[in-house]
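Written below as structure tokens is the structure these notes are about.
No lab work stands behind these numbers, since they all come straight from the coordinates. Being a predicted model, the structure only gives us computed values, none of them experimental. Heads up, the Cβs are rebuilt from the backbone with ideal geometry, glycines too, and the neighbour counts pull from every protein chain shown.
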Amino acid sequence: MRGERCLSPKCAMIKRAYPPGPKGKRRKSPLSEYGKELREKQKLKKLYNLTERQFSNYAKNVLKKRGKVADVSEEFIRILESRLDNVILRLGLATSRPQARQLVSHGYFLVNGKAINVPSYQLEKGDTISFKPQKEKKTVFKNIKNLVKKYKPPVWLKLDMEKMEGKKISEPTLAEVMPPAEISVIFEFYSR
């Protein structure tokens with residue numbers, strides 16, 4: 001029962017087209033150019049679960065290669081996608097980037113037979129990722145085979161279900177990844 005007040009225009013249950021408060025009826029001002037650039041940068045940074053320092057270092061290093069590389073956006077995505085923690089996620093061996101990062105940090109994976117515990121490790125074409133034999137019995141991996149059977153990795157990665165190992169067979173491209181942010185705007189942000 002709503003009561004008498006809801007029969008008047010002051011009813012609290014009626015959804016209004018503006019936020020509450022004295023300034024509620026004002027329209028929000030549009031974002032500035034800087035605000036748009038910052039928003040795009042934050043989107044991509046949060047997507048890849050990176051700190052500001054890591055992300056800015058990647059962006060600045062790619063900006064230095066501007067004349068040497070055909071497409072800087074393509075190079076930037078290639079670097080972000082080639083991180084070990086991201087490849088673990090893309091192979092379906094983890095359910096989220098934070099989980100992939102933690103598994104790598106705790107030494108669950110081997111790259112080309114060598115133990116690597118650095119999430120930002122850059123994988124090259126032809127690198128093979130596998131579980132450490134002593135870590136395969138952990139509870140995290142009990143139902144990983146069932147999850148991986150349903151999952152199809154991107155075209156630039158190959159997953160061997162029997163051996164439970166992945167391989168980077170080519171470089172990722174911008175068209176395959178389709179990031180939610182506009183990369184050229186991010187470079188404008190860092191070129192200030």
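Looking at segment 59-78, which of its residues are surrounded by fewer than 16 Cβ atoms within 10 Å (Cβ to Cβ) and among the basic types (Lys, Arg)?
60, 64, 65, 66, 68
Select from segment 4-46 the residues that are small (Gly, Ala, Ser) and either at positive phi or not in a loop (DSSP other than H, G, I, E, B) (or both) and list them in ascending order.
21, 35
Within segment 53-101, which residues are touching a helix residue (DSSP H, G or I) at 6+ places or on another chain (Cβ under 8 Å) and of a type in the set (Lys, Arg)?
Answer for segment 53-101, where residues must be touching a helix residue (DSSP H, G or I) at 6+ places or on another chain (Cβ under 8 Å) and of a type in the set (Lys, Arg): 60, 65, 66, 90, 97, 101.
When you go through 49, 86, 57 one by one, which is the residue that is out of contact with any strand residue (DSSP E or B) (no Cβ under 7 Å at 6 or more places or on another chain), over 30 Å from residue 143 (Cβ atoms), outside any strand (DSSP E or B) and among the polar types (S, T, N, Q)?
57
Among the residues of segment 26-49, which ones are touching a residue at least 24 places away in the same chain (Cβ under 8 Å) and of a type in the set (A, V, I, L, M, F, W, C)?
38, 44, 47 - these are the residues of segment 26-49 that are touching a residue at least 24 places away in the same chain (Cβ under 8 Å) and of a type in the set (A, V, I, L, M, F, W, C).
Take residue 41 and decide whether it is under 17 Å from residue 83 (Cα atoms), surrounded by 14 or more Cβ atoms within 10 Å (Cβ to Cβ) and in contact with a Phe, Trp or Tyr (Cβ under 7 Å, 6 or more places away or on another chain).
no
Results for (1) within 19 Å of residue 84 (Cβ to Cβ); (2) of a type in the set (Asp, Glu); (3) without any contact (Cβ under 8 Å) to a residue 60 or more places away in the chain, shown as yes or no for each residue.
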position: 101; (1), (2), (3): yes, no, yes
position: 111; (1), (2), (3): yes, no, yes
position: 114; (1), (2), (3): yes, no, yes
position: 129; (1), (2), (3): yes, no, yes
position: 139; (1), (2), (3): no, no, yes
position: 143; (1), (2), (3): no, no, yes
position: 159; (1), (2), (3): yes, no, no
position: 174; (1), (2), (3): no, no, no
position: 188; (1), (2), (3): no, yes, no
